[in-house]
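Let me begin by presenting the structure, written as structure tokens, before commenting on it.
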Amino acid sequence: MDSKVSATFAKEVSDLILPAHDYRRIHIVVPGKVHKGLDRVANSLVGRYSRRSRILRSLHKKAEQIIEESFELRHVSDRKLRDSLKDFRAGFRRQNRGYEEALPDALATMVEVAYRTVGLRPYPVQVLGAMALYQGYLAEMATGEGKSLTACLPAIVAGWTGRPCHIVTVNDYLAGRDAEEMRSLYSFCGVSVGCVTGEMSPEERRLNYENGVVYTTSKEILADFLRDRLKLGAFNEPSRRLIRQMLWPRGQDRDGLVMRGLDTAIVDEADSVLIDEAVTPLIISRPQENKPLVEACRTAQRIAASLAPGIDYNKELKYKEITLTEDGMKRIAALSESLPGLWRGASRREELVRQGLTAREFYHRDKQYVVQDGKVMIVDEFTGRLMPNRTWRHGLHQAVEAQEGLEVTGVSETLARLSFQQFFRFFRKLSGMTGTAREAAGEFWHIYGLSVLSVPTNRPCTRKAFADCVFFNAEHKWQAISEDVVRCHQTGRPVLVGTRSVEASERLATMLASRGLTFNLLNAVRHKEEAQIVAAAGKLGTVTIATNMAGRGTDIKLGRGVVELGGLHVIATERHESGRIDRQLFGRCARQGDPGSTQAFMSVDDELLQRFVQTPIRTRLSLAIERQRPGANRIAEHALLHAQRAAQRLAFHQRAGVLKMDTWLEDALSFSGTSSKF
């Protein structure tokens with residue numbers, strides 16, 4: 001064949017997307033229905049059996065053998081190691097019968113390569129975690145145990161198969177950091193690595209998604225998935241795409257897609273990604289101009305401000321709901337008589353005012369949101385970080401803007417909607433790791449089919465947990481916290497204080513500043529150099545105040561002389577709805593056998609007790625604490641346990657409702673030929 005013709009033919013072949021590749025690009029696993037009733041009970045028993053202790057013991061034994069084998073490779077040349085890795089890669093790519101039998105040898109080689117490339121030799125517990133991830137488990141590994149390196153080992157194996165592998169974490173910083181720090185390890189093993197973050201253009205995203213392993217966040221990967229589905233339109237089914245390619249082979253041209261498909265996902269900080277952030281779905285929308293509705297939001301805010309609580313409306317703090325009374329409805333009707341036609345319908349005007357009241361009663365500045373550059377920026381209550389370009393739905397965002405006296409933005413038209421629960425069930429192979437998983441083990445299995453394995457620490461944990469200090473009001477609590485910080489600081493011990501909101505962090509900062517203390521403040525507003533601030537929190541005499549954002553991603557190493565003083569002391573200024581989040585904060589100290597201590601401070605005024613503990617019990621508890629009656633701490637302990645259980649039940653039902661809505665929309669609109677989830 002003529003060389004010029006051959007070159008032209010080769011270019012045409014390279015420009016085409018092979019049917020198998022295109023199938024993988026758009027194919028997803030269709031998840032089954034979530035079990036209910038007796039089926040759910042039976043499924044729960046299966047889940048418990050799947051995480052039995054014998055499995056952990058078996059993996060631990062294999063991990064010890066792999067580590068021993070890795071030591072035998074210390075004198076093998078780099079060239080021979082690369083040759084071995086090429087053979088492993090070929091075996092996993094072809095997936096011939098028995099190919100997984102080579103996994104222990106492959107992991108042993110990776111252990112040695114990790115030491116030569118990134119200077120880290122995995123511990124047996126890290127190899128144990130890697131095998132658990134490869135087998136589709138959720139590995140619970142304590143803070144500081146090296147989850148970033150652990151994830152690399154099964155990711156390399158997944159990259160060898162030629163199918164896309166995504167490592168999903170909680171923020172852009174961690175995604176970029178881990179991809180860069182582990183790049184040399186991936187490269188030695190013959191796997192390319194990329195990173196997708198929020199600032200990237202579509203072309204940059206496409207180029208990064210072409211890599212064998214891609215680090216990104218849950219929001220970015222789900223948003224890219226939805227945008228790709230919108231571009232596919234009616235051709236989001238592999239069979240339809242194949243027919244179109246056969247009829248019109250040069251008309252495909254990737255359709256502007258950025259992703260390579262869904263196959264394997266390893267979720268870092270899985271409880272945050274799969275549980276906490278799953279309360280609300282991700283929605284792709286576009287703004288629409290609606291001047292009458294914008295003006296109505298301003299009017300609704302003025303009417304809401306004239307209504308009296310307990311007379312015109314009642315508020316349900318537990319569910320954050322507003323109920324209008326008969327008097328309130330009459331008053332709204334009277335105030336609406338001279339207003340335009342939008343206010344003529346009773347249900348419409350009441351809904352508008354109800355949103356205004358919801359914003360006023362339950363959405364407060366420096367708690368649920370902050371104002372920056374004249375815009376309302378939502379604060380993620382679980383991480384303490386800002387959520388740029390995110391808005392509340394159903395007019396709530398506009399109600400908050402009107403409440404702040406800002407320019408009210410137009411409402412948005414929903415183009416695509418999908419819950420995180422449904423999305424992560426689309427992956428053929430899903431696994432994860434986190435420091436706090438066992439409290440939600442049932443939900444992980446029920447929704448995602450993930451069994452939790454608690455990986456032991458490399459060294460025994462020496463953390464001291466002091467009993468909670470309980471006060472009858474917030475003023476006494478904050479005074480005690482500031483005194484405790486001063487006391488620890490005088491000894492030279494570093495202190496990390498965790499708060500639930502920007503407002504609380506600023507309040508404590510003001511109190512400490514008045515006492516002449518120097519400190520680092522980290523919250524959604526003051527978040528520059530976050531990693532450096534958290535990493536330095538273990539140095540001698542350092543005081544760090546932080547919202548929940550300090551609970552993830554960066555290890556706190558103790559400075560010189562701190563071990564002798566007892567290590568890092570962590571203070572929680574309030575208990576959270578989930579005990580997992582408390583443990584995340586407390587896990588910042590006593591890593592890798594270091595000393596450390598923790599203590600939580602509570603008051604009867606705390607939001608958790610206000611929302612989920614009945615008034616008579618709170619009154620009894622307050623009196624018992626104020627009068628220092630015996631058994632007050634016991635009452636507080638039971639009240640806290642009850643409140644956290646109630647909060648978790650409510651949060652679970654909210655997440656289940658989001659998943660149920662996805663399922664309902666898919667079933668209800670299936671007759672149209674277009675799936676609602678895309």
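At-a-glance table
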item	result
Meets criteria (more than 29 Å from LYS80 (Cβ to Cβ) and buried (at least 23 other Cβ atoms within 10 Å of the Cβ)) for SER201	no
Qualifying residue in segment 304-318 (condition: at pLDDT below 90 and in contact with a helix residue (DSSP H, G or I) (Cβ under 9 Å, 6 or more places away or on another chain))	yes
Residue count, segment 303-359 (criterion: of a type in the set (D, E, K, R) and more than 40 Å from the chain's Cα centre (by Cα))	6
Unique residue being over 30 Å from LEU585 (Cβ atoms) and modelled with pLDDT of 90 or more when the list is PHE426, PHE420	PHE426
Residue match in segment 645-652 (condition: modelled with pLDDT under 90 and touching a helix residue (DSSP H, G or I) at 6+ places or on another chain (Cβ under 7 Å))	yes
Residue selected from segment 280-302 under the condition β-branched (Val, Ile, Thr) and buried (at least 16 other Cβ atoms within 10 Å of the Cβ), by the criterion nearest to the chain's Cα centre (by Cα)	ILE283
Residue identified as hydrophobic (A, V, I, L, M, F, W, C), assigned to a helix (DSSP H, G or I) and under 24 Å from the mean Cα position of the chain (by Cα) among LEU128, LEU85, LEU107	LEU128
Test: residue in segment 586-598 that is part of a helix (DSSP H, G or I), on the phi < 0 side of the Ramachandran plot and touching a residue at least 24 places away in the same chain (Cβ under 8 Å)	yes
Pair list, Cβ under 7 Å, 6 or more apart: segment 43-61 residue assigned by TED's automatic domain parsing to the domain that holds ALA132, other residue of a type in the set (S, T, N, Q) and surrounded by 13 or more Cβ atoms within 10 Å (Cβ to Cβ)	GLY47/SER451; SER50/SER451; ARG51/SER451
Odd one out for THR436, checked against (1) in a loop (DSSP other than H, G, I, E, B); (2) over 27 Å from CYS589 (Cα atoms)	(2)
First in segment 326-347 and part of a helix (DSSP H, G or I), second anywhere and β-branched (Val, Ile, Thr), Cβ under 7 Å, 6 or more apart	ASP327/ILE311; ILE332/ILE303; ILE332/VAL353; LEU335/ILE303
Unique match (being at pLDDT 90 or above and either surrounded by fewer than 11 Cβ atoms within 10 Å (Cβ to Cβ) or more than 23 Å from VAL455 (Cβ to Cβ) (or both)) among ARG40, ARG57, ARG25	ARG57
Enumeration of residues in segment 486-538 that are charged (D, E, K, R) and touching a residue at least 60 places away in the same chain (Cβ under 8 Å)	ARG493, ARG500, GLU503, GLU506, GLU530
Selection count, segment 549-581, where residues are surrounded by 21 or more Cβ atoms within 10 Å (Cβ to Cβ) and not in a loop (DSSP other than H, G, I, E, B)	11
Subset of segment 484-532 (residues that are β-branched (Val, Ile, Thr) and surrounded by fewer than 20 Cβ atoms within 10 Å (Cβ to Cβ))	VAL486, THR491, THR510, THR518, VAL525
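The values are calculated or read from the model by the stated rules, or taken from the named source; none is laboratory data. All figures in this text were calculated on a predicted structure; none of them were measured in a lab. Heads up, the Cβs are rebuilt from the backbone with ideal geometry, glycines too, and the neighbour counts pull from every protein chain shown.
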